[in-house]
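Working notes for the structure below.
What follows is calculated from the coordinates using simple rules that are stated; it is not laboratory data. Remember, it's a predicted structure, so these values are computed and weren't measured experimentally. So basically every Cβ, Gly included, is an ideal-geometry build from the backbone, and we count neighbours across all protein chains shown.
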Amino acid sequence: MVFTVMAALAQMELEIKRERITDSVAKRRAAGKDLGGRRQTFTDSQIRNALRLIESGEPATQVARDLGMSRATLYRRIRELPQTTTI
């Protein structure tokens, strides 16, 4: 019987916690605040613009910092860009 009561209390605490989290997320969404999670992905056009800046003489470290990514990630994304050829 003691275990049944403890299990019921644990279940009740879990439901209260879940409700608090749901309310908090709803409030943050309504206020337009960041919900955390994964960072935004950078579009190919952003990476191309970064490449243009690097080619024009800007330090790659500074360009990557301005975009909010590491220099290694910037170079990897530049390598992964689809190569467009114009004739």
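Taking every eigenvalue of the Cα gyration tensor of the chain, multiplying by 5 and rooting it, what semi-axes result, largest first, whole Å?
49, 14, 13
If you put +1 on each Lys and Arg Cβ and -1 on each Asp and Glu Cβ, how big is the dipole of the chain around its Cα centre, in Debye rounded to 20? Please list the in-between numbers first.
On the way: 16 positive and 10 negative charges, 19 e Å.
Dipole about the Cα centre, nearest 20: 100 debye.
The chain: longest stretch without exposed trypsin sites (Lys or Arg not before Pro) (DSSP loop, at most 13 other Cβ within 10 Å), sites themselves excluded?
In the chain, the maximal stretch lacking such sites is 40-87.
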